[in-house]
1. Whole-Hz ³J(HN,Hα) for each residue in the stretch 383-388, computed from phi via Karplus 6.51 cos²θ - 1.76 cosθ + 1.60 with θ = phi - 60°, x for glycine and proline: what do you get?
2. In cubic angstrom, how much convex hull volume per residue do the alpha carbon atoms of the stretch 281-363 span?
3. What whole-number value in Å² describes the accessible area per residue of the stretch 325-407 for a 1.4 Å probe?
4. Could you please state how large a percent of the accessible area of the stretch 158-229 is carbon and sulfur, counting protein chains only and using a 1.4 Å probe?
5. DSSP beta bridges in the chain, what fraction antiparallel, as a percent rounded to 5?
6. Find the accessible area per residue for the stretch 1-137; the probe is 1.4 Å, ligands and nucleic acids are left out, and the unit is Å².
7. Mind checking the log10 I(q)/I(0) for the stretch 343-393 at q = 0.13, 0.14, 0.27 Å⁻¹? Debye, one equal scatterer per Cα, no solvent, two decimals.
8. At 0.36 nm per residue, and after removing the present C-alpha to C-alpha distance, how many nm does the segment from ASP145 to GLU158 gain when stretched out fully?
Amino acid sequence: MAQPSPGAETRHCDVLVIGGGPAGSTVGPLLAEKGYQVVLLEKAHHPRFHIGESLLPANLPLFERLGIADEVRAIGMEKWGAEFVSPYHEHKQAFQFADAWNKAMPHAYQVKRAEFDTVLIRNAARKGVEVHEGCKARAVDFGADGALVHAVHDDGREVTWQARFVVDASGRDTFLANRFQIKQRNPRHNSSAVYGHFAGARRNEGQAEGNITIFWFEHGWFWFIPMQGGITSVGMVTWPYYMKTRGQRSLQQFFTDGIERCPALAERLRGAELVNEIEATGNFSYVSERNHGPNYLLLGDAYAFIDPVFSSGVWLAMHSGVIGAEAIDTCLKNPAAAGAALKRFDRLMKHGPKEFSWFIYRVTNPIMRDFFMGPKNIFRVKEALLSVLAGDIFGKTPIWNSLRMFKLFYYTANVLQPRRAYQGWKRRRFNIRRVDDPAVGAG
């Protein structure tokens, strides 16, 4: 192993976690509870802004396990379902989580991520994790007995951590994937996002007030996420070719023009006030060639990110923290079983994105859109679909035969409507083609 950087303080720990978002702030306390010395480095200071505000019902049991259920409840807007609005259908279609296969998880929450992530990282510190905010990992060097991670604090202090195991939970920074050069654009998906927060948006009434609404439009889809305090998160997820049409327009004007292309959403935002600066994110979908090595793991978005249409990001990140803690515990306590533990970790890490992606790749297809807008429960396929929307894909809920039937119905519909299926396939090929995207990232 390489030597620490000259002049840097050298410290030791069992597990060094890079990133204090949902994945890092989940794996850290779970390992600390097992008796490991865990250090977490977070480049920012909480609270800090982040998108991904919609949680899934499957998150709730994990909040109980982490001991943060009451804190999340206090900051969350109850989300009892999801609503889909299509410009090609006259009706709206609402799904209730209470109608899923497992009736024990009938709701979730919408949260401001600045508040939610702060709850998570403060909980990690309470549970014994040594948390350093304003400390950015700069370099890493792996050896047979662990790793050296060189980090720099905001005030310029340099520290080299000698760790037995490294966890990359750096999110879209993809710390290790970039250094290993293993991050790849997802060849089957390619989208960008433009988003902001609004005050005074018109919401649904009663229990449905907190439901997420997905609005399809000709160039992608929008999210509409109500949160506490009268704030609503709105985001446009669109194809790079459409981002290219921005031209000389400001990002805010481009976003506003996009909203006007979706009349149902524009009506909900009539009179609403933008309360923050519009931001954009490109290269929205990617995957790394691997998610682990002998003494490191990649968790959550540090490994892969898929389109957020089903709000799966936070749940997949936190679940990766759970299975990551189990794998690391085995690797450090029983090295002879490390291979099997890492193989199981790899399988579970790929399972979530795989199951969500099958729907994501097809959700803008006109035939799939018909399925969502007119769901049937033959062979309990609607209950199984709702279980996926609720994030209930890792437990023992027996949804898989029904999901196979759903897919069979979808493929059969494509065979019976060949011209429409071909047009949908052709349009998707056009949408996901790679386009240089100077509009993204320009403020």
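1. Here the 3J(HN,Hα) series is 4, 5, 4, 5, 5, 5 Hz.
2. Values: hull volume 7.0 nm³, N = 83.
Taking the convex hull of the Cα positions in the stretch 281-363, it is 85 Å³ per residue.
3. Working: 3550 Å² over 83 residues.
The answer is 43 Å² per residue.
4. Values: 1020 of 2560 Å².
Roughly 40 percent, rounded to a whole number.
5. Numbers: 55 of 79 bridges.
The antiparallel proportion sits near 70 percent.
6. Values: 5370 Å² over 137 residues.
I get 39 Å² per residue for this part.
7. -0.37, -0.43, -1.10
8. Details: separation 13, 0.36 × 13 = 4.68 nm, distance 2.23 nm.
So the chain would gain 2.4 nm between ASP145 and GLU158.
The values are calculated or read from the model by the stated rules, or taken from the named source; none is laboratory data. Note that the coordinates shown come from a computational prediction; the quantities given were computed from them, not determined experimentally. Every residue, glycine as well, gets a Cβ built from its backbone with ideal geometry; the counts of neighbours run over all protein chains shown. The protein model used for the area step is the full one, side chains on, heavy atoms only, and it has no ligands, DNA or RNA in it. Shrake-Rupley method; radii C 1.70, N 1.55, O 1.52, S 1.80 Å.
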